[in-house]
Structure formats: C-alpha cells, structure tokens
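Structure first, commentary second.
The values are calculated or read from the model by the stated rules, or taken from the named source; none is laboratory data. All values derive from a computational prediction rather than experimental measurement. All Cβ positions, glycine included, derive from the backbone under ideal geometry; neighbour counts span all protein chains shown. These area figures cover heavy atoms from the full protein model, side chains too; ligands, DNA and RNA do not enter into them. Shrake-Rupley method; radii C 1.70, N 1.55, O 1.52, S 1.80 Å.
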Amino acid sequence: MVIKTAEFVKSSQKWQDCPEPNLPEYAFIGRSNVGKSSLINAMMNHKDLAKTSQTPGKTQLINHFLVNENWYLTDLPGYGYAKVSKRIRKDFEKLITNYILNRRNLVNLFVLIDIRHNPQKIDMEFIEWCGESGIPFSIVFTKADKMKPNAAKDNVEKYKEELLKTWADLPEIYVTSAEKKEGGDLILNFIQKTNEFLTNNKVNFNE
Ligand code: GTP
Ligand code: MG
C-alpha cells in the first residue's frame, strides 16, 4: 500500500470519545515500550506522527490516525507498565479492554511483542483474552534489528510452540523493525487486502 496521507485525528480518553466508527480500524497494542508508536511512524513514513519515548508509559490515550482518508490506525497505551500504581494500571487496562470490546469498526488488533524475550505471561494472557473474547488479532514481533537473524528466528519458533499449546492454528505473524523500516509493508499489505474485502462485501459499520 502506498501511504498518500497520514494525519493525526484525535486523542481520546475512552472509547466513547473516539471518532465516528464509520471506517475500518486497525489498532496496535502491546506492553509499554514494545515499540507501538515507533512502528506506526515507520509504516507511515513519518518521523513523529505518534509520540515515542525511551521511557515506558508514553502513550496514555487512544490516538487515532486517518490513513489515505479511508482507514484508521490506532495507537493504544501499553499494558503491564510496572512503574505506576496498581490502581492506574487497572484504569489503563479497563480503558484498553473497553475500547477493544466496544469499538465496532475495529477490524484487527496487532499484538506487538518484543522479539528479544521468551514468551511472557502477560502477553500470553492478553492473547488468551483476545481468543476468549473473539477479537481477531495478529502477532507482530518488534525490534528485530536488536538480534542476530538466527536468534530472532529461534525466539519466534519458541513463541509459536507456546501458542500451539493452547491454539489449534497460529495467527498471522509479522517480524518487524521500526529502526530499519522492515516488516511494516507486510502489515500494510494485509490491511489493504482486508479493506478491499470489506469494500467488495459492502460492509457498513454504521449498521
Ligand atoms: P508506550 O507508548 O510507552 O506504551 O511505548 P511504545 O510501545 O509506543 O514504544 P515506543 O514506540 O515509544 O518505543 C519505545 C522505545 O523503543 C524507544 O526508545 C524506541 O526508539 C525504541 N524502539 C522502538 N522500535 C524499535 C525498533 O524497531 N528497533 C530499535 N532498535 N528500537 C526501537
Ligand atoms: Mg506509544
């Protein structure tokens, strides 16, 4: 997909404040600092469309970007940020889960995972929750540039093995690097194909 335009629309504190749900929407979710905002910028070919930071907990609101004037890309706050109080963490979790469960134009969730780590409980639990809640999702490994290709491959395999303990089929898996601008094109291809499918089948989110 060629990105002709990518514009920031608004930041919302809750799903009820998000833009009119009249276009297909794709959201990035994952642990704080995993690289959600960076990957959005890399895919949009824009240095600072989404705000990034070395300190976890940068994105605290639901941020909507309108792409090519016909679909939304959403940057969500990270989950599992340890350095805030339990109460605040719970509030964030609620904001995220309410958005996911109620946003009727949400077509697919991209669950981002740092490729350097072994399968983490918090990510597996989140993926489990997506499955139980019937939320379509894909897995996106981030920061691939920080590992040697073979070690990265091994970690992806470990993840697949872990997933196959509970899932009959594996979801779509993408390996990316925002730093090197790699892998985002495959995600965009998927989004383009899905958008075409929705148009051909006259899917209308207002109904
Ligand atoms: P929150 O908004 O806090 O939840 O974080 P986030 O998931 O949006 O992460 P963000 O994009 O802000 O990136 C966090 C840090 O990781 C920044 O210092 C980025 O520069 C770095 N980073 C993100 N993606 C990559 C990548 O592909 N490669 C490398 N080397 N660093 C990355
Ligand atoms: Mg962010």
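Brief remarks on what is shown
- Selection from segment 4-51 of residues that are more than 24 Å from Lys94 (Cα to Cα), within 15 Å of ligand 2 (Cβ to nearest atom) and either free of Cβ contacts under 8 Å to residues at least 60 places away in the same chain or open to solvent by 70 Å² or more (accessible area, probe 1.4 Å) (or both): Met44, His46, Lys47, Asp48, Leu49
- Considering residues of segment 63-91 that are among the aliphatic types (A, V, I, L, M) and surrounded by fewer than 17 Cβ atoms within 10 Å (Cβ to Cβ) only, the residue modelled with the highest pLDDT: Ile88
- Residues of segment 41-51 classified as modelled with pLDDT of 90 or more and within 8 Å of ligand 1 (Cβ to nearest atom), total: 3
- Gln54 loosely packed, with under 15 Cβ neighbours inside 10 Å and either within 16 Å of ligand 2 (Cβ to nearest atom) or assigned to a loop (DSSP other than H, G, I, E, B) (or both): yes
- Top-ranked residue in segment 52-67 [being touching a strand residue (DSSP E or B) at 6+ places or on another chain (Cβ under 8 Å) and more than 6 Å from ligand 1 (Cβ to nearest atom); ranked as farthest from Ser12 (Cα to Cα)]: Val67
- Tally, over segment 135-154, of residues that are open to solvent by less than 60 Å² (accessible area, probe 1.4 Å), free of Cβ contacts under 8 Å to residues at least 24 places away in the same chain and outside any helix (DSSP H, G or I): 0
- Filtered residue count, segment 58-81, keeping only those that are of a type in the set (A, V, I, L, M, F, W, C), within 14 Å of Ser32 (Cα to Cα) and touching a helix residue (DSSP H, G or I) at 6+ places or on another chain (Cβ under 8 Å): 2
- In segment 4-33, residue farthest from ligand 1 (Cβ to nearest atom) [restricted to those that are assigned to a strand (DSSP E or B) and among the polar types (S, T, N, Q)]: Ser12
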